[in-house]
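The values are calculated or read from the model by the stated rules, or taken from the named source; none is laboratory data. On a predicted model such as this, the values are computed, not experimentally measured, just so you know. Every residue, glycine as well, gets a Cβ built from its backbone with ideal geometry; the counts of neighbours run over all protein chains shown. Each accessible area value is taken on the protein alone, full model and side chains, heavy atoms only, with ligands, DNA and RNA left out. Shrake-Rupley method; radii C 1.70, N 1.55, O 1.52, S 1.80 Å.
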Amino acid sequence: FNAQDRLLVIAPHPDDESLAMGGLIQRASRAGAAQRLLMITNGDNNPLPQRWVEKRWKIGPAERQRWGALRQQEARTALEKLGFEGEARFVGLPDQGITAKLLRADQELLELFCCEIREWNPTHVILPSSYDLHSDHNAVHVLLQLALERTSHTGVPQYHFVVHCKRPDLIPRPVALRLTESELNIKREAILCHNTQLTLCRKRFLAFARPEETFYQPGPVEMVLSHHPVVEACLFAGALNLAVNLPMRLGKECALFIVGESPTAGSLRWRIDLPSSSGKVCIRNTVTDKPLRAATVRIAGRLARVKIPIAAVAPFTRLFVKLQHKTIFLDDAGWREVPVV
């Protein structure tokens, strides 16, 4: 980084700025680069630590608001430790509610990101990875990609980070930022500012104070991703064709979410509930909750081949798909992009 650079830094929750990029923020600050940080949520839907710290079971709107204000202040203190002299904007979106906004095609939210990009005109964008298993993180990634596309900023260098991931070694195109001893010590101090989270997760949080921060650069969109549940994804013969590795148990919620942007049909938001056996299944519009056409699902063992007719809404500028499988907190997997060319 240098003094001519302008970084747009995206943190889904208070603490991500320290855990994932505490070293990068220091490095950019020392280089004189301008930085604007968008804190997407206040991390207020965080009941387990709040119950433990406040010794209460019932948590209502007032308690969540107070907790979010506390976490916001922790992030401000951490940014001071990191030497951040840029502008921090707290957007205040619902914690654990970004996927719902994405699936509702929330145009106000998308335009908010577009306005920030146009106004700031970044030379670099630091954002969560689509591989991150927290639904807020991977949904923010998709929203930023749509906004970068809409504002013609897709050529701006991007660096993606992961905080929640079972196998980060499988994510392609890693770039390591080696921290100096001073940077590492300051990053540790910034992490320690997040007292609300350290109560239950101190060991996990401090494990992020390691000598390297790893980021990931975007590359060509691939049709085959062997390490992702949506193994194959391609547009062919007027259909979106997917090969999906199903979980051991389908459970109550096992669905495909599809997010696309079309220059002719606008914003596409679909859901397909996966059946336990082969057949035709309904595609639902997640904005209107109305049924659309039918998709074909062929299941052999744990592999489902899904054919989704899309000729009526093609072409696409961007297209993303996700296997949604209900878990306690984290997703089984994040979003993957489908090649549209």
- Counting only heavy atoms of protein chains, what accessible area per residue, in Å², does the range 272-341 have with a probe of 1.4 Å? 52
- Sites Ser267 and Ala100, calculated FRET efficiency, Cβ-Cβ separation with R0 25 Å, nearest 0.05: 0.95
- Which angle from 0 to 90°, rounded to the nearest 10, does the C-alpha axis of helix 181-191 make with the longest principal axis of the chain? 70
- Go ahead and estimate [θ] at 222 nm for the chain from helices alone: -39,500 (n - 2.57) per DSSP H run with n ≥ 4, summed, over the residue count, rounded to 500. -9000 deg cm²/dmol
- Query: Carbon and sulfur together cover what percent of the accessible area of the chain at a 1.4 Å probe radius?
  - Reply: 53
- Item | Counting DSSP beta bridges with both ends in the chain, the antiparallel % (nearest 5) | 75
- Once the other residues with Cβ under 13 Å from the Cβ of Glu80 are scored (Lys, Arg +1; Asp, Glu -1), what is the net sum? -2
- Would you please name the trypsin sites (Lys or Arg not before Pro) within the range 63-145 that are DSSP coil residues with at most 16 other C-beta atoms within 10 Å of their C-beta? Arg104
- Find the accessible area per residue for the range 109-163; the probe is 1.4 Å, ligands and nucleic acids are left out, and the unit is Å². 27
- In this model, which of Lys81/Lys187; Lys280/Lys307; Lys101/Lys166 are farther than 18 Å apart at the alpha-carbon? Lys101/Lys166
- Could you work out the longest stretch of the chain that avoids the chymotrypsin sites (Phe, Trp or Tyr not before Pro) located in DSSP loops with at most 13 other Cβ atoms within 10 Å? 58-328
- Net length gained if the chain between Val221 and Met248 were fully extended (0.36 nm per residue, minus Cα distance): 6.9 nm
